[in-house]
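Just so you know, all these numbers are worked out from the coordinates, no wet-lab data involved. This one's a predicted model, so the numbers in the text were calculated from it and none came from an experiment. Here the Cβ is made from the backbone with ideal geometry for all residues, glycine too, and neighbour counts use every protein chain on show.
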Amino acid sequence: MTGTLRGAAAIVGVADAASPTGELDRFGRDLETAMVLEALDDAGLTLADVDGVCHSQSAMAFAEYLGVHPQYTDSTNTGGSSYEVHAEHAAGAIAAGLADVVVGVYAATPRSDRKQRRGGGRFTPNGPMPAAEWEWPYRLRMPMGPYALAASRHMYEFGTTPEQLAEIAVSTRKWAVLNPRARFSEEITVSDVLASPMQVAPLHLLDCCLVTDGAGAFVMTSAERAKTLRKPPVYVLGAATCHDHMIISQMPDLTTTPGAISGPAAFSMAEIKPDDVDILMGYDSFTITALLHLEDLGFCSKGEGGAFVEDGRTAPGGSLPMNTNGGGLSYTHPGAYGMFLIVEAVRQLRGECGPRQVEGAEVAVAHGSGMVLSCMSTLVLGTEATL
Amino acid sequence: MSERNVGPASPESGPFWEATRERRLVLQWCTACEEPIQYPRSFCPRCQASGSSLEWRDASGLGVVYAIVVEHKPEAMGEESPYAVALVDLEEGVRLMTNIVGPDALSATISTGVRVTWEPLEDGRNLPLFEVSAAKQV
Ligand SMILES: [Zn+2]
């Protein structure tokens, strides 16, 4: 172990609720919110100060309810000890400068829930999920629907075309051709993408990621110990996260993801600029997702993603190799693809990628996208030469 | 279209769904900052006001399309398609997901003016949908 948390962070506000009757008259989000606001008040702070949220079910859903856009998020669930784990992780985050003010919360009202017959089915003690109440009735198909909404807005605001989105699928397929384990290995053209069946207009089938089996893992240790192990170390140079909604109808701006916060923060920690990035592994659940990453991470200006991807700029031989394993669009996509971003970035930086190896790659970015453009997490990785 | 999947109201949004029984579109407002809140909450996420600072007001039912997609479902999914799903920005300043319905539904585009219309649900509530409002084409 290197470093210590000793004395690095402090608890500055607390609140709790309990009653001799064993029952409380508030429950669910209302009670959770009341606790957070009381604890903040105890500290002399407000929600505006909060940049970290811990919740043992979903920090994303709770942050959306609170209306905060945290850059530190922890939904770890270890049962009754979740809150000590949250405090431990928060202390680590604060010590490392990843967060400044973190809130953790717990509320449960089993006694009144039973008496008042709350809960069951889609109705958790927190009430129905907001998605069930405000989105499911309208039959937006998941997962492509929310991304199609974002694409529609991007096309409207910036004149982005279906052909430009298709360019991303075409360039990504060119990488897949070089990866013997890719699900798809035949080259495609822009016309092929546009001729593939419409799913949720404006997205075609070939704008959408695959559904495959897949699995991956990583091992991380201290920089010191890394030097003694078998493979060349790939160092974490920067990392940052942000989420600004859980469900698509709560996304503040469909054309700007929270990657516009996490990306620059991670790049700043890594002391790099977009120009320094040799490989971008940008979560490509859909072509529009990858396009939004290019803009939000600063590889081009907002609205210029469509023009940026023309002429194979992200294809083999292009100036920004993107999704060199063939991506979620053509390599593999079991449902949550983020692990594969990290694995490919590491292999590229170790020079292990054979025909698809990007020569001399020293800096790679693994940029994950979670839920429906909801949570972006940017990881900047580098070889020893970048230290 | 096939049966709607509409669940129970959350503790905070009861008045929204009750008003739909009278085909009234209502929104939760914070009187402290004079802004509507969507979805409804137990407090105002802008200024943290709660209790009597929150009230329900009638909405005009008018808005414009913010984003729109057309679902092309395979027949195997057992639903009539195509149909339009949109995010609509209401005049009052909140955004709702909805379906655009009516004869012009599939020609609606972003910035098209829309107004609320209602689809009855089995339990007496009504689901707010939107149709193109020729009078308010932007
Ligand atoms: Zn307010």
Checklist outcome for this item: From DSSP H assignment alone, runs of 4+ in chain A each adding -39500 (n - 2.57), the sum over residues rounded to the nearest 500 puts [θ] at 222 nm at -10000 deg cm²/dmol
Item to check | Principal axes of the stretch B:8-59: Cα extent on each, largest first, Å | outcome: 31, 21, 16
Next on the checklist: Taking each residue in A:45-55, count the Cβ atoms of any other chain within 10 Å of its Cβ, then average. What number comes out?
Outcome noted: 1
Checklist entry - In peptide A:61-71, what is the residue-averaged number of other protein chain Cβ atoms found within 10 Å of each Cβ? => result 2
Next on the checklist: Rounded to the nearest angstrom and ordered from largest down, what semi-axes does the equivalent ellipsoid of the stretch A:127-191 get from its C-alpha gyration tensor (root of 5λ)?
Outcome noted: 32, 18, 8
Next on the checklist: Using only the alpha-carbon atoms, what does the stretch A:1-158 span along each of its principal axes? Please give whole angstrom values in decreasing order.
Outcome noted: 51, 47, 31
Checklist entry - How large is ³J(HN,Hα) for each residue in the stretch B:11-20, as worked out from phi by the Karplus curve 6.51 cos²θ - 1.76 cosθ + 1.60 (θ = phi - 60°), to whole Hz, x for Gly and Pro? => result x, 7, 10, x, x, 4, 6, 4, 5, 5
Item to check | Simple Cβ-charge dipole of the stretch A:1-86, Lys/Arg +1 and Asp/Glu -1, about Cα centre, in debye nearest 20 | outcome: 300 debye
Item to check | chain B: radius of gyration over Cα atoms, expressed as a fraction of 2.2 N^0.38 Å | outcome: 1.12
Checklist outcome for this item: note: the stretch A:185-323, Cα-Cα separations exceeding 22 Å make up a percent value of 52 percent
Checklist outcome for this item: Here, B:Thr31 and A:Ser191, labelled 7 Å along Cα→Cβ, have an inter-label distance in nm of 6.6 nm
Checklist entry - Taking N as the number of residues in the stretch A:71-153, what is its alpha-carbon radius of gyration divided by 2.2 N^0.38 Å? => result 1.54
Checklist outcome for this item: Partner shielding of B:37-47, taken as the mean number of other chain Cβ atoms within 10 Å, equals 5
Checklist entry - Taking the highest mean first, how do the peptides A:254-266, B:4-16 order by number of other beta carbon atoms within 10 angstrom per residue? => result A:254-266, B:4-16
Next on the checklist: Can you compute the helix-only [θ] at 222 nm over chain B? Use -39500 (n - 2.57) per DSSP H run of at least 4 residues, normalise by all residues, nearest 500 deg cm²/dmol.
Outcome noted: -1500 deg cm²/dmol
Item to check | Neighbour net charge for A:Asp30 - beta-carbon separation under 13 angstrom, K R +1, D E -1 | outcome: 0
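So how many Å³ per residue does the convex hull of the Cα atoms of the stretch B:61-138 work out to?
99 Å³
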Checklist entry - Using bins 5 angstrom wide from zero, how does P(r) for the stretch A:307-387 break down, in % of all Cα pairs? => result 3, 14, 23, 25, 21, 11, 4, 0
Checklist entry - So which GluC sites (Glu not before Pro) in the stretch A:245-317 end up in coil per DSSP with only 15 or fewer other C-beta atoms within 10 Å? => result A:Glu271, A:Glu304
Checklist entry - Net charge near A:Gly382, counting Lys/Arg +1 and Asp/Glu -1 over other residues with Cβ under 13 Å of its Cβ? => result -4
Next on the checklist: Would you calculate the convex hull of the Cα atoms in chain A and tell me its volume per residue in Å³?
Outcome noted: 153 Å³
Next on the checklist: Below 11 angstrom from the Cβ of A:Thr332, what's the summed charge of the other residues (Lys, Arg +1; Asp, Glu -1)?
Outcome noted: 0
Next on the checklist: For the stretch A:156-223, which chymotrypsin sites (Phe, Trp or Tyr not before Pro) pass both filters: DSSP loop (anything but H, G, I, E, B) and at most 11 other C-beta atoms within 10 Å?
Outcome noted: A:Phe218
Checklist entry - Calculated FRET efficiency, A:Thr76 and A:Ala223, Cβ-Cβ r, R0 30 Å, to nearest 0.05? => result 0.75
Checklist outcome for this item: Given Cβ charges of +1 for Lys and Arg and -1 for Asp and Glu, the option among B:Pro8, B:Cys44, B:Ala32 whose Cα lies farthest towards the positive end of the dipole of the stretch B:8-59 is B:Pro8
